[in-house]
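Before any comments, here is the structure.
We did not get these values from a lab; they are worked out from the coordinates using the rules stated. What you see is a predicted model; the values in this text were computed from it and never measured. Positions of Cβ are backbone-derived with ideal geometry, glycine not excepted, and every protein chain shown enters the neighbour counts.
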Amino acid sequence: MPDRSDRLRALLAERILILDGAMGTMIQRYKLEEADYRGSQFKDWPSDLKGNNDLLALTKPEVIRTIHEQYLEAGADILETNTFNGNRLSQADYGLQDHTVEIVTAAARLARDCADRFTALTPDKPRFVAGVLGPTSKTASISPDVNDPGARNTHFDELVTIYMEATRALIAGGVDAILIETIFDTLNAKAAAFAVDQVFEEDGLVLPVMISGTITDASGRTLSGQTVEAFYNSLRHVRPLSIGLNCALGPDALRPHVEDMARVAEVYTSFHPNAGLPNEMGEYDMTPAQMAEHIAEWAESGFVNIVGGCCGSSPDHIRAIAAAMQGKAPRRPQDHDHRLRLSGLEAFNA
């Protein structure tokens, strides 16, 4: 693992790296039914399992493997594990919380195997695996009850415990980095980052950490209310390999927030936007060429180090983005800012 991590850092200084695209979008194309999600292992499970995409690492691994391979063939340098809901809080929705480690480890091993096989075919283009820690289905800083602003359905210590379990499962599966992504609540992300650091300290290893937040609307703020710079200030202490944004918006609407992050980040940046906004049928209309054109402008403006796609994107989108990044220079991280950088909903730098 250390050798791969060092190679990943070295490549980021040389060129823009390509992250893969949407997993859920691709799974939907298979039109899987309840029986597909159950497989033989969960044939008699007492609750519905359809929609638990993480579970497919156990019950339909060939589907996940094929999707990973399609993204690698399209030019992806980094695969994300199919573990967006690979934690006890999210798996509890299906009664599968006690199978979390099994699910997450299997998903990480699938991605690892695919990445290694493609690296063996083209050793000059190594492939990497980012172990995904999603936001969970609960939020630590926002009340779920409009009549009780102080109510919470999870708390920091609970999140740390579930994230430590998931992190260890990802590491057991052989990931090269930990990706804390689709962050809508910075307190959840802080718990995830603390949990990852605890695992590193207790288990005697260190992997690169990637962080990716989500701007929820045109206000340019996360769901918990932070601006891009405030979000950066809140997680700067983690010293991540990269920090960036994903989901919620297409590359056109995300562009000013990409510029904001590139302006302040003293580390590498990563961005994987949606393929536009969903239409009235819930589908995404931005074509691969359109998406690649927007992201090419980001690269030409010196904003990016890692790019890929989120909801609505496909191997065709990633192929077009990879082609558009050819010959484009990677962004240079900002020089270290020695000012005091604090944050509430806004950034405060002194």
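Please report the orientation-averaged projected area of region 1-137, defined via the convex hull of its C-alpha atoms, in nm².
Values: hull surface 34.5 nm².
Its Cα hull, projected and averaged over all orientations, spans 8.6 nm².
Across 10 Å bins from the origin, how do the percents of Cα pairs in region 205-350 run, short distances first?
With a bin width of 10 Å, the distribution comes to 12, 41, 34, 12, 1.
Using a Gaussian network for the chain with springs between C-alpha atoms less than 10 Å apart, which of these wobbles most: S314, S90, S301?
S301
Under a 5 Å amide H to amide H cut-off, with H placed in plane at 1.01 Å, what residues pair with L133 once short-range neighbours are removed?
Sorted by chain and number, the residues that satisfy this are L179, I180, E181.
Could you work out the local net charge near S234, counting Lys and Arg as +1, Asp and Glu as -1, over the other residues with Cβ closer than 13 Å to its Cβ?
+1
Using the charge dipole of region 90-162 (Lys, Arg: +1 at Cβ; Asp, Glu: -1 at Cβ; taken about the Cα centre), state which of L96, A108, H155 has its Cα farthest towards the positive end.
Farthest towards the positive end: A108.
Would you kindly derive the ³J(HN,Hα) couplings of region 58-66 from the backbone phi angles with the Karplus curve 6.51 cos²θ - 1.76 cosθ + 1.60 (θ = phi - 60°), listing them in order in whole Hz, with x for Gly and Pro?
9, 9, 9, x, 5, 5, 5, 4, 4
What does DSSP give for the chain in terms of the percent of beta bridges that are antiparallel, rounded to the nearest 5?
15
For the chain, modelled as a Gaussian network with Cα springs under 10 Å, which listed residue fluctuates most, F200, F303, F231?
F200
Loop-only check: which GluC sites (Glu not before Pro) in region 269-350 are DSSP coil with at most 16 other Cβ within 10 angstrom?
Listed in order of number, the matching sites are E280, E283, E346.
For region 265-304, what's the radius of gyration and Dmax over Cα atoms, in angstrom?
Using the Cα atoms of region 265-304, the pair Rg, Dmax is 12.6, 40 Å.
Among L17, L133, L223, whose mean-square fluctuation peaks in a Gaussian network model of the chain (Cα, cutoff 10 Å)?
Comparing L17, L133, L223 in the GNM, the peak value goes to L223.
Show me, for region 245-251, the HN-Hα J-couplings you get by feeding each phi into the Karplus relation (A = 6.51, B = -1.76, C = 1.60, θ = phi - 60°), rounded to Hz, glycine and proline as x.
9, 8, 6, 6, 10, x, x
HN-Hα J couplings of region 281-294 from phi, Karplus 6.51/-1.76/1.60, θ = phi - 60°, integer Hz, Gly and Pro as x?
9, x, 9, 9, 9, 5, 6, x, 5, 5, 5, 5, 5, 5
Rounded to whole Å and sorted largest first, what semi-axes of the equivalent ellipsoid does the C-alpha gyration tensor of region 53-105 yield via the square root of 5 times each eigenvalue?
Taking √(5λ) for each eigenvalue gives 24, 11, 7 Å, largest first.
Once label points are set 7 Å from the Cα along Cα→Cβ at both E297 and D335, what is their separation, rounded to one decimal in nm?
3.0
For region 92-217, what is the Kirkwood estimate of the hydrodynamic radius, computed as the reciprocal of the mean inverse distance between distinct Cα atoms, to one decimal in Å?
15.7
Loop only per DSSP, at most 10 neighbouring Cβ atoms within 10 Å: give me the trypsin sites (Lys or Arg not before Pro) in region 244-350, ordered by residue number.
R339
In terms of the ratio Rg/(2.2 N^0.38 Å) built on C-alpha atoms, what value belongs to region 218-282?
Dividing the Cα Rg of region 218-282 by 2.2 N^0.38 Å gives 1.16.
If you put +1 on each Lys and Arg Cβ and -1 on each Asp and Glu Cβ, how big is the dipole of the chain around its Cα centre, in Debye rounded to 20?
On the way: 32 positive and 49 negative charges, 123 e Å.
Here the chain has a charge dipole of around 600 debye.
How charged is the neighbourhood of F184? Take every other residue with its Cβ under 12 Å from the Cβ of F184, and add Lys/Arg as +1 and Asp/Glu as -1. It would help to have the intermediate numbers written out before the result.
Details: positive: K138, R221; negative: E181, D185, D217.
Its environment carries a net charge of -1.
Quick one: how many lysine pairs does the chain have with C-alpha atoms less than 26 Å apart and a gap of 8 or more or different chains? Give me the count, please.
Lysine pairs satisfying the spacing and distance rule in the chain number 8.
Please compute the net charge surrounding K328, taking Lys and Arg as +1 and Asp and Glu as -1 over other residues with Cβ under 9 Å from its Cβ.
Result for the local shell: 0.
What order, most packed first, do the peptides 164-173, 38-47 have when packing is the mean number of other Cβ atoms within 10 Å of each residue? Before the final figure, lay out each step's value.
Details: 164-173: 22.8, 38-47: 12.4.
Going from most to least packed, we get 164-173, 38-47.
E80's amide H: which non-local residues (gap 5+, or another chain) put their own amide H closer than 5 Å, with H modeled 1.01 Å from N in plane and none for Pro or chain starts?
Here D20, A130 satisfy the definition.
Considering just Cα atoms, how many Å³ per residue does the convex hull of the chain enclose?
With only Cα atoms used, the chain gives 139 Å³ per residue.
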